[in-house]
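Structure, as structure tokens:
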Amino acid sequence: MGERIRAVLFDFDGLILDTETPDVRAWQTVFERHGHEFPDWCWIQMIGRSLHTVDIHPLDLLEEMAGGPIDREAVIVERRKIRRSLIEDEKPLPGVCALLDQVAEAGLRAAIVSSSDRAWIEGHLSRVGLLDRFERIICGFEGLPSKPDPALYKAALDQMNLKADEAIALEDSPNGIAAATEAGIYTIAIPNGLTARLPLDRAQSVLASLEGVALAELYPA
């Protein structure tokens, strides 16, 4: 089936860059400074989703633990400052750049499909010199539901004039995998340090890393 593949669709957070670990660590630090522990279940629900779509927002949880109102704006500023300090030196995850080279050499198209907002994605891609490697960025906060809803992937197929069996999706989280598979796309899970312990069984294939992976290895059998 490899000859049918025309495009590779990449998740962003946790797949191109490990932005998820700094994000979770920032929340953990904020909670600790307020005398509480940031529970695993709270960050697990956040992976691969827009923060405003999660079942329980971390700020709501912190207020519940604190037993009353908190200065939400101050907490947001504090958390962003911590996250920025942790993430500013992050480089593309192993194998990403080499795979993008192979995609280009094979004449395939590459796009980002992410629940994150455009400024976040484009800012980091520009910082690491990868912005021009992607034909399109289909992202959250632009009128479509975030993952695990398949809307972003369906939009990618529509905008790129692709059939579902002409694309491969690379994801790192259960929410992203659910979105891609619901759109009918062959999905490969490449978990990171955070998501490796989460259920990835809906993916058609699971790889430990993209490092050393040949493009042909990604094609459906």
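All of the numbers you see were taken from the coordinates with simple rules; none came from a lab. Keep in mind the model is a prediction, meaning the values are calculated, not measured. FYI the Cβ positions are ideal-geometry reconstructions off the backbone, even for glycines, and counts take in every protein chain you see.
Using Cα pairs closer than 8 Å and at least 6 residues apart in sequence, work out the relative contact order for the range 20-87, in percent.
On the way: 37 pairs, mean separation 30.1, N = 68.
Relative contact order comes out at 44 percent.
Please arrange 31, 10 by how many other C-beta atoms lie within 10 Å of their C-beta, fewest to most. All intermediate terms of the calculation are to be shown ahead of the outcome.
Numbers: 31 21, 10 25.
Listed from fewest to most nearby Cβ atoms, that is 31, 10.
Please give me the summed charge of the neighbours of residue 184: other residues whose Cβ is under 12 Å from its Cβ, Lys and Arg +1, Asp and Glu -1.
Details: positive: 154, 163; negative: 165, 166, 182.
Result for the neighbourhood of residue 184: -1.
Please sort by residue number the GluC sites (Glu not before Pro) in the range 90-146 whose DSSP state is loop and whose Cβ has at most 11 other Cβ atoms within 10 Å.
On the way: sites: 90, 105, 122, 135, 142; in loops: 90, 135, 142.
Of the GluC sites (Glu not before Pro), the ones in loops of the range 90-146 whose Cβ has at most 11 other Cβ atoms within 10 Å are 142.
Enumerate the calculated ³J(HN,Hα) couplings along the range 117-125 in order (Karplus 6.51 cos²θ - 1.76 cosθ + 1.60, θ = phi - 60°), each rounded to whole Hz, writing x wherever the residue is Gly or Pro.
3J(HN,Hα) across the range 117-125, in whole Hz: 7, 4, 4, 4, 5, 5, x, 6, 4.
Fewest Cβ neighbours within 10 Å first, please rank 149, 60 accordingly.
Details: 149 18, 60 13.
Least crowded to most crowded, the residues run 60, 149.
Kindly put 43, 27 in sequence by how many other C-beta atoms sit within 10 Å of each C-beta, fewest to most. Intermediate values should be presented prior to the final figure.
Numbers: 43 18, 27 22.
By the 10 Å Cβ count, ascending, the order reads 43, 27.
Against the longest principal axis of the chain, how steep is helix 20-33, in degrees 0 to 90 to the nearest 10, with axes from Cα atoms?
The answer is roughly 0 degrees.
Rounded to a whole number of µm²/s, how large is the Stokes-Einstein D of the chain at 37 °C and 0.692 mPa s, given Rh as the Kirkwood radius over C-alpha pairs? Show your work: numbers first, answer last.
Details: Rh = 17.9 Å.
Diffusion coefficient, whole number: 183 µm²/s.
So for the chain: antiparallel DSSP bridges make up what percent, rounded to the nearest 5?
Values: 1 of 20 bridges.
For the chain, the DSSP antiparallel bridge percentage is about 5.
Between the range 159-221 and the range 68-118, what's the alpha-carbon centroid distance in Å?
About 18 Å separates the Cα centre of the range 159-221 from the one of the range 68-118.
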